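Shown next, in structure tokens, is the structure this report addresses.
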Amino acid sequence: MTGPARFIALEGGDGAGKSTQARLLAATYAARGRNVVSSRQPGGTELGARIRRLLLHGDSMSARAEALLFAADKAQHVAEVVRPALARGDVVITDRYTDSSVAYQGAGRELGVEQVRDILMWAVDGLVPDLTVIVDVSPTEGRRRRGSVHDRLESESDAFHDAVRRHFRMLAEGAPDRYLVVDGTMEPAAIHDVVVARLVGMGLLP
Ligand code: TYD
């Protein structure tokens, strides 16, 4: 069933468990009769999948090139997946969105959060989620959960991941009406309940 379009982003550090939350949330919307489009970034489109391989498993690259490739992935994702789905009246749940770039490239890579945000906002033509859920865990906990498999970003130092985490939390503090920070060390079902309660409270979930 289509209805009022909803756009919800899941953000957080590596190993936070946001993909699990994205899945649970998609199931809840579907159970309430809504059409759901789930996507991940980087990589939610065919072009995005190619960009993803370059970004995560390719050769090293300059920090600015990295930021622009993440921006290109999101530009394609929004044009090809998100906007058409919202125009149909679907619910779009995205695993990572522009705040990941602002936190990882802007704060983590120290490229400047304002500049990276401006580039990303241009890439997505200003599209902002109705709610962004930040699943918060410490870099140490994230590293423990990921085990031994690390991509290019995950291999960064704890100081890098700390800067990323601090930035996510700062974004949320600056706009509490558009963000929800949840403690990623809680049980997945308990985190999901917090997310659902917030969405119901905002009138975004029937
Ligand atoms: P992702 O596939 O979401 O990994 P995970 O499921 O482990 O969270 O993202 C891959 C990596 O890319 C992750 O370390 C975060 C990083 N990333 C950025 O640095 N900038 C971005 O804009 C995005 C979307 C991800």
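Quick notes on this structure:
- Selected residue (criterion: surrounded by the most Cβ atoms within 10 Å (Cβ to Cβ)) from residues of the range 113-131 that are under 11 Å from A67 (Cα atoms) and free of Cβ contacts under 8 Å to residues at least 40 places away in the same chain: R117
- Residue match in the range 60-76 (condition: of a type in the set (G, A, S), under 30 Å from M1 (Cα atoms), more than 9 Å from the ligand (Cβ to nearest atom) and open to solvent by 50 Å² or more (accessible area, probe 1.4 Å)): no
- Filtering the range 160-180 to residues that are closer than 26 Å to D59 by Cα, touching a residue at least 40 places away in the same chain (Cβ under 8 Å) and open to solvent by 30 Å² or more (accessible area, probe 1.4 Å) leaves only R165.
- Scan of the range 1-43 for residues that are among the aliphatic types (A, V, I, L, M), assigned to a loop (DSSP other than H, G, I, E, B) and in contact (Cβ under 8 Å) with a residue 60 or more places away in the chain, ordered by number: A5, A16
The rows are residues; the columns are (1) at pLDDT 95 or above; (2) under 19 Å from M121 (Cβ atoms); (3) β-branched (V, I, T); (4) under 17 Å from the mean Cα position of the chain (by Cα).
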{"residue": "R34", "(1), (2), (3), (4)": "yes, no, no, no"}
{"residue": "G44", "(1), (2), (3), (4)": "no, yes, no, yes"}
{"residue": "R53", "(1), (2), (3), (4)": "no, no, no, no"}
{"residue": "G58", "(1), (2), (3), (4)": "no, no, no, no"}
{"residue": "A72", "(1), (2), (3), (4)": "yes, yes, no, yes"}
{"residue": "G89", "(1), (2), (3), (4)": "yes, no, no, no"}
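- Qualifying residues in the range 11-25 (those that are within 12 Å of G184 (Cα to Cα) and touching a Leu at 6+ places or on another chain (Cβ under 8 Å)) - the one surrounded by the most Cβ atoms within 10 Å (Cβ to Cβ): K18
- Of all the criteria given as (1) over 18 Å from L25 (Cβ atoms); (2) touching a residue at least 24 places away in the same chain (Cβ under 8 Å); (3) surrounded by fewer than 15 Cβ atoms within 10 Å (Cβ to Cβ), the one not satisfied by Y104 is (3).
- Residue in the range 143-159 that is more than 10 Å from the ligand (Cβ to nearest atom), surrounded by 14 or more Cβ atoms within 10 Å (Cβ to Cβ) and within 21 Å of G44 (Cβ to Cβ) present: no
- Boolean, A190 is under 30 Å from D90 (Cα atoms) and surrounded by 14 or more Cβ atoms within 10 Å (Cβ to Cβ): no
- Looking at R83, R40, R88, R32, just one residue is open to solvent by 30 Å² or more (accessible area, probe 1.4 Å) and within 8 Å of the ligand (Cβ to nearest atom), and that residue is R40.
- Any hit, the range 172-182, residues being in a helix (DSSP H, G or I) and closer than 23 Å to R23 by Cα: yes
- Filtering the range 43-53 to residues that are more than 12 Å from the ligand (Cβ to nearest atom) and either surrounded by 17 or more Cβ atoms within 10 Å (Cβ to Cβ) or among the β-branched types (V, I, T) (or both) leaves only T45.
The values are calculated or read from the model by the stated rules, or taken from the named source; none is laboratory data. Since the structure is predicted, the reported quantities are computational estimates derived from the model, not experimental observations. Reconstructed Cβ throughout: ideal geometry from the backbone, glycine too, with neighbour counts over all protein chains shown. These accessible areas exclude ligands, DNA and RNA; they are computed on the full protein's heavy atoms, side chains included. Shrake-Rupley method; radii C 1.70, N 1.55, O 1.52, S 1.80 Å.
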